[in-house]
Amino acid sequence: MNGPGADAPGRHTENGMREDGTTEADSLRSLALEARDAAYAPYSEFRVGACLEAADGRCFVGCNVENASYAVTMCAERVALGAAVAAGARRFRRIFLCTDADVPVAPCGMCRQALAEFAPELEVVSESGSGGRASWALSGLLPERFVLRPVPGSGPGDSR
Ligand SMILES: [Zn+2]
C-alpha cells in the first residue's frame, strides 16, 4: 500500500481545487466524510462515504443506501458514479472513501467493475475510522475487468 500521492505541493483556490485542476485530498476527504455521515445503513451500521473526482475537477459524492431487501442496497461508490454520469462526467481521476472500519477498505467487486467502465486506472484512496489510509490503482484491484465493445460514439469516453 502506498500513500495516496495527493499531498504534493501546489497552489490551491478557495474551493480546494489546485491551479492544475486537481483537488486537494483534504477537500475530497471532507466531502467523503460528510457523505459517510449521511449514509443510510441501519442493518449493517457500516457507513461509507465516497467522493469521486472527475477529470475536469468536479467532485461527486455518494453514501451507501441500505434496504430491508438486502440485495437492493447501493454502495457509496456507485451512488457517486451515478450522480457524476447524470451530470455529464465520464472521466475520473480519483475516488476517496471514508468508512468507520478499523482498516482502510477497498471497494467491493461490483463497484470495481462499475468504476472501471469509466476509469480503469482510477486512483482509489480509502480512509479508516481512525484515519489510517491506503491507496490502490483500480487496475490492480480489478486486473481483468469485463469488457464489451460499445456502440460507436456512445462509450464511456464519449460525451453525449
Ligand atoms: Zn460496492
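Quick notes on this structure:
- Around Ala32: net Lys/Arg minus Asp/Glu count, Cβ-Cβ under 14 Å: -4
- Note on the chain: helix-only mean residue ellipticity at 222 nm, from DSSP H runs of 4+ residues weighted -39500 (n - 2.57) and normalised by residue number, equals -6500 deg cm²/dmol.
- Taking Arg36, Arg133, Arg149 as the candidate residues, the one with maximal mean-square fluctuation in a Gaussian network model of the chain, Cα springs under 10 Å, is Arg149.
- Rounded to the nearest whole Hz, the Karplus-based 3J(HN,Hα) values (6.51 cos²θ - 1.76 cosθ + 1.60, θ = phi - 60°) of segment 77-85 follow the sequence 4, 6, 5, 5, 4, x, 5, 5, 5, with x at glycine and proline.
- Percent of Cα pairs exceeding the 19 Å cut-off, where the set is the chain: 53
- Close amide-amide hydrogen proximity is noted between Arg47 and Asp100, each under 5 Å apart and 5 or more residues distant or on a separate chain (H modeled in the peptide plane; Pro and chain starts excluded).
- Relative contact order of segment 36-75, pairs being alpha-carbon contacts under 8 Å that are 6 or more residues apart, as %: 36
- Computed over segment 26-153: relative contact order in percent, which uses C-alpha pairs under 8 Å that are six or more apart: 20
- Largest mean-square fluctuation among Val103, Val72, Val125, in a Gaussian network model of the chain whose springs join Cα atoms under 10 Å apart, belongs to Val72.
- Beta bridge orientation in the chain: antiparallel %, DSSP, nearest 5: 80
Coordinate-derived values only; no laboratory data. Computed from a predicted structure; not experimentally measured. We place every Cβ from the backbone using ideal geometry, glycine too, and count neighbours over all the protein chains shown.
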